[in-house]
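Structure incoming, see below.
The values are calculated or read from the model by the stated rules, or taken from the named source; none is laboratory data. Just so it is clear, the structure is predicted and the values come from calculations on it, not from any experiment. Please note: Cβ atoms are built from the backbone with ideal geometry, for glycine as well, and neighbour counts cover all protein chains shown. Protein only, heavy atoms only, side chains kept; ligands, DNA and RNA dropped before computing areas. Shrake-Rupley method; radii C 1.70, N 1.55, O 1.52, S 1.80 Å.
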Amino acid sequence: MKLRHKEDSLSEYQYKRVLLKISGEALMGNAEYGIDPDVVERMAIQVKQLHDEGIEVAVVVGGGNIFRGVAGSAKGMERAQADYMGMLATVMNALALQDAIERIDCPCRVMSGIQMNEVCEPYIRRRAMRSLEKGDVVIFAAGSGNPYFTTDTAAALRACEIGADCLLKATKVDGVYDMDPVKNEDAVRFDSISYHEVLVRGLQVMDSTATALCQDNHMPIIVLNIDGDDNIKRALAGEPVGTVVMEEE
């Protein structure tokens with residue numbers, strides 16, 4: 001597993017720079033649509049915890065709680081048009097999360113893959129990296145800015161671009177299972193699993209493009225539950241939280 005050199009102030013953590021992927025569905029909480037302010041506030045607190053520990057935090061948010069491009073396409077909408085609508089949904093989520101983070105005195109900026117200068121900055125890789133280095137939380141919105149690519153793939157792409165040490169996927173499930181744990185009580189959770197096995201078995205960790213991109217760039221993925229108060233912090237400290245997807249030893 002790829003690790004950065006540990007600095008003294010980060011001695012208890014394995015990673016110095018991380019990218020956190022939050023699904024839109026996770027931001028719904030128990031609702032059927034939209035944004036649950038309590039969930040967003042809890043996520044903002046966890047992000048600030050990492051920031052206060054000196055960890056550089058980038059975030060990619062999905063938009064499935066508002067609009068999913070694939071779902072729109074399935075109902076007859078032209079796929080590219082539907083995907084652009086989904087990208088706009090991620091911007092709404094990003095702005096809500098930015099507001100929650102800033103309300104607890106943590107500097108944060110939103111960068112979009114689609115230019116909309118009145119509400120957020122355009123994504124520029126070197127500017128994003130400088131912002132992380134100076135202590136800002138950076139939220140990447142609008143996916144990769146291209147249709148036909150999921151926000152999972154955008155998260156893997158941004159993680160590689162900014163030189164993150166790992167990609168954290170926060171979901172409603174506490175790791176990777178051999179089958180859907182919601183539908184199967186006998187589902188078994190993995191503590192760790194290789195990229196290859198995820199791809200061969202078709203496990204729904206991230207989409208196959210995102211998983212392959214992480215594999216090619218040696219980017220470890222940690223899948224964990226969004227609901228825990230300090231799950232992210234514990235995972236970065238090396239505790240057995242969630243599932244680690246990594247290279248075969």
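GluC sites (Glu not before Pro) within the range 24-83: which are DSSP loop residues with at most 13 other Cβ atoms inside 10 Å?
For GluC sites (Glu not before Pro) across the range 24-83 that sit outside H, G, I, E and B with at most 13 neighbouring Cβ atoms in 10 Å, the list reads Glu32, Glu78.
Shifting gears a bit: Do the alpha carbons of any pairs in Lys48/Lys183; Lys16/Lys183; Lys16/Lys172; Lys48/Lys75 sit beyond 30 Å of each other, and which pairs?
Lys48/Lys183; Lys16/Lys183; Lys48/Lys75
Which one, Leu50, Ala156, Asn146, projects farthest toward the positive side of the charge dipole computed for the range 17-246 from Cβ point charges (K/R +1, D/E -1)?
So the residue furthest toward the plus end is Asn146.
Excluding ligands, DNA and RNA, what is the solvent-accessible area per residue of the range 7-75 at a probe of 1.4 Å, expressed in Å²?
Counting only protein heavy atoms, the per-residue value for the range 7-75 is 43 Å².
What is the list of residues in the range 30-46 whose amide nitrogen lies under 20 Å from a point 7 angstrom out from the Cα of Val70, following Cα to Cβ?
The answer is 32-34.
Still on this structure, I have one more. Going by average Cβ neighbours within 10 Å, how do the peptides 193-199, 241-247 rank, with the highest at the top?
With the highest mean Cβ count within 10 Å placed first, the list reads 241-247, 193-199.
Give the residues of the range 39-63 whose amide nitrogen is closer than 17 Å to a point set 7 Å from the Cα of Met116 in the direction of its Cβ.
So the set is 60-63.
Working out 0.36 nm times the residue gap between Ala187 and Arg234, then minus their Cα-Cα distance, what length gain in nm do you get to one decimal?
Additional length available on full extension: 14.5 nm.
Turning to a different aspect of this structure: About the Cα centre of the chain, what is the dipole size in debye to 20, counting +1 per Lys and Arg Cβ and -1 per Asp and Glu Cβ, all else neutral?
780 debye
Between Tyr33 and Met77, what length in nm is gained on full extension when 0.36 nm per residue of separation is reduced by their alpha carbon distance?
Here the segment from Tyr33 to Met77 would lengthen by 13.8 nm.
Taking only C-alpha pairs under 8 Å that are 6+ residues apart, what is the relative contact order of the range 17-246 in percent?
Numbers: 469 pairs, mean separation 48.4, N = 230.
This gives 21 percent for the range 17-246.
For the range 17-246, with all protein chains present and a 1.4 Å probe, just round the carbon and sulfur fraction of the accessible area to a whole percent.
Values: 4930 of 10170 Å².
That share works out to 48 percent.
Another question, if that's okay. Identify the trypsin sites (Lys or Arg not before Pro) of the range 56-112 meeting these criteria: DSSP loop state and at most 13 other C-beta atoms within 10 Å of the C-beta.
Here the trypsin sites (Lys or Arg not before Pro) that fit, given the DSSP loop and packing criteria, are Lys75, Arg103.
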